[in-house]
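Reading through the structure tokens given below for one structure.
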Amino acid sequence: MSALRRYLAVLREVRATRGEMCETCGQPAHYPHHILPVGRTSICSELVYDPANILLLCDDCHALMHPLLRNVAEWGRARKDRGQILNRPN
């Protein structure tokens, strides 16, 4: 199995297990995010394929993880109210 196919299989498993919502704020998730960055561990690391190293995030929460990729105004907007869904009573 190619590295890409293996990675996509892991992402399908993560989405099937955790759902399609952002694990930080509960909005629809669009991005898988590596907790230990691929740039630090290398693309050849087994951590790339470890579901425990992947978070499913929405656009705004993913921008918070990469603040230097966005301008300050967008980062401030994304930061507002992040994680509030976790504080709501069931």
Checklist line | Tally, over the range 32-82, of residues that are among the hydrophobic types (A, V, I, L, M, F, W, C), assigned to a helix (DSSP H, G or I), modelled with pLDDT of 75 or more and within 25 Å of Ala3 (Cα to Cα) | finding: 4
Margin query: Which count do you get for residues in the range 4-35 that are aromatic (Phe, Trp, Tyr) and touching an Asp or Glu at 6+ places or on another chain (Cβ under 9 Å)?
Written below: 1
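The values are calculated or read from the model by the stated rules, or taken from the named source; none is laboratory data. Every value quoted in this text rests on a predicted model; they were computed, and no experiment measured them. Using ideal geometry, Cβ is built from the backbone for each residue, glycine included, and neighbour counts are taken over all protein chains shown.
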